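Structure, as structure tokens:
The values are calculated or read from the model by the stated rules, or taken from the named source; none is laboratory data. Model, not experiment: these values are computed from the prediction. Using ideal geometry, Cβ is built from the backbone for each residue, glycine included, and neighbour counts are taken over all protein chains shown. Each accessible area value is taken on the protein alone, full model and side chains, heavy atoms only, with ligands, DNA and RNA left out. Shrake-Rupley method; radii C 1.70, N 1.55, O 1.52, S 1.80 Å.
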Amino acid sequence: FIPSLTQDPTVQSGTPTLQPESSQTWDAGVVFTPRWVPGLSLGIDYWDVYIRNQIIDGINAQTLLNNCYDPTINLASACSAITRGAGTGEVVNINAPNINFGFEHTMGIDIDTSYVFNVSEIGIDRPGSLTLNGSAQYLMHDTVYNAPGTLPLDQAGTWFFNGGSTPIEPRWKALLSANYAEDNWSASLTERYTGGVTLRQGSPGTLGNNVPGVFYTDIAFTYNYENATFIVGVDNLIDKNPPFINDLATNSSGNGYDYVGRYLYFKTTVKFGAG
């Protein structure tokens, strides 16, 4: 038959059977502060988040049709959501309410280190102190199962275009900073890193499917005067472009990438005393 409609009507709604999502979180970590290196702190944390019965904001109508009529899937629940006209067999309505389905299981490791010392200890004739900070996160897994008729998918280290958005989940993210403080002023240098990702279900050799890691450099200067603080800084000092992503629909999703370019800012904070 030839359908008379170019688009099948779809009803997206709530449902009285919808239940809240539930989750459990595990976190374990240690902090090491050696006595023989004053000012040094090392920490490592493992975290594990498991979300059950995710609320899906209406299953896509095409997904319901595929799940019903694909002989390799043939989900009865998908077929029951499709209404056909008597005599014609034409699809007249698809019911796609919000439902509870699937899970998301995310786990990773955070590493943090900090070291504070007076610069006079390394032979610099100044009264100030230098603070070195480093942090890194390794995404071990981010497994999602949120579409009937599919298999659980580990998104760690990948990117994928999905309905107007581009979820990007690098395995590695890191931040390194050095801050020198003296009297009422300080200066800082920060290096940001977002790791590379690979397009899921894409061809490895296609330009833009394998996105490399990228570094960004920021600087800032702070001056304190009585009850006011003045900050001037530059983000993305080198004016580095974001990596090319083979995504014709959108390339504006942040996820650690800088789409603004070199950015100069100035901030002032004033504290007012009570009474």
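Values as computed for the structure displayed
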{"item": "Apportionment of accessible area to carbon and sulfur, the range 33-131, percent (1.4 Å)", "result": "56 percent"}
{"item": "Within straight-line cross-link reach of residue 173, lysines at Cα separation under 21 Å, skipping those fewer than 8 residues along the same chain", "result": "240"}
{"item": "Distance between the range 12-43 and the range 88-147 - C-alpha centres, whole angstrom", "result": "10 Å"}
{"item": "Shape call, the range 36-182: gyration tensor on alpha carbons, a/c limit 1.5", "result": "prolate"}
{"item": "Environment charge at residue 232 (Cβ cut-off 15 Å; Lys +1, Arg +1, Asp -1, Glu -1)", "result": "0"}
